[in-house]
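Colleague: Right, I'll just put the structure down here and ask away after.
Nothing in this text is a laboratory measurement; each read-out follows from the coordinates by a stated rule. Please read all numbers here as calculations on a predicted model, not as lab measurements. Cβ coordinates were reconstructed from backbone atoms using ideal geometry, including for glycine residues, and neighbour counts include every protein chain displayed.
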Amino acid sequence: MMSDLEIFVFKQKVVADSRDVARMVGKQHKNLLRDIDSYIETMRNSAELKIEPSDFFIKSTYKDSTGRERPCYLCTRLGCDLIANKMTGEKGTLFTVAYVSKFRAMEAELTRREFQRTVKAPIRRRLTDAKLRRVLFPIKMSCTVSGTNRRDGLLEGK
């Protein structure tokens with residue numbers, strides 16, 4: 001069942017397609033769309049809370065088998081939380097386990113990639129630069145304990 005939920009990045013947000021969510025929770029997609037529209041309407045009508053519906057659901061479309069454009073939503077982790085919190089029973093539990101696991105795996109992968117980009121890449125560049133300097137300026141240095149190899153302030157190579 002977990003393999004039915006595909007998590008991907010859309011405009012720097014980790015999301016799941018509402019069609020996959022509907023399959024996992026055992027709802028017809030049109031009924032899930034109706035529910036999501038209701039959640040969004042409630043968020044928009046909330047005067048007390050400043051809730052941005054796009055933090056939960058991003059309106060999107062897909063082409064059906066006949067080539068017609070159909071509505072769908074991209075559900076963020078918050079959106080999946082909301083859907084899961086409205087569910088009870090085995091399907092709700094299995095959906096929650098699936099989306100939490102998938103979102104965590106994707107977040108871990110994105111963190112790993114960011115780490116490589118921000119930490120490992122500059123280190124790799126510095127190492128590459130050091131190798132390049134050794135190729136361009138091949139200086140071998142040695143020094144004895146007594147310092148007798150020292151001449152003109154430079155160390156002689158062996």
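Colleague: Volume per residue, Å³, of the convex hull around the alpha-carbon atoms of segment 1-54?
Modeller: Measuring per residue, one finds 90 Å³ for the Cα hull of segment 1-54.
Colleague: Another question, then. Within a Cβ distance under 13 Å of Tyr39, other residues only, what is the Lys/Arg minus Asp/Glu net charge?
Modeller: That works out to -2.
Colleague: In a shell of Cβ-Cβ distance under 11 Å around Gln28, excluding Gln28 itself, what net charge do Lys and Arg (+1) and Asp and Glu (-1) give?
Modeller: Net of charged neighbours comes to +4.
Colleague: Next up: Per Stokes-Einstein, at 10 °C and 1.306 mPa s, what whole-number D in µm² s⁻¹ belongs to segment 1-106, with the Kirkwood radius over Cα pairs as the hydrodynamic radius?
Modeller: Calculated translational D: 113 µm²/s.
Colleague: How many nm separate the modelled label positions at Glu48 and Arg68, each set 7 Å beyond the Cα in the direction of the Cβ?
Modeller: Going by the 7 Å Cα→Cβ label model, 4.1 nm.
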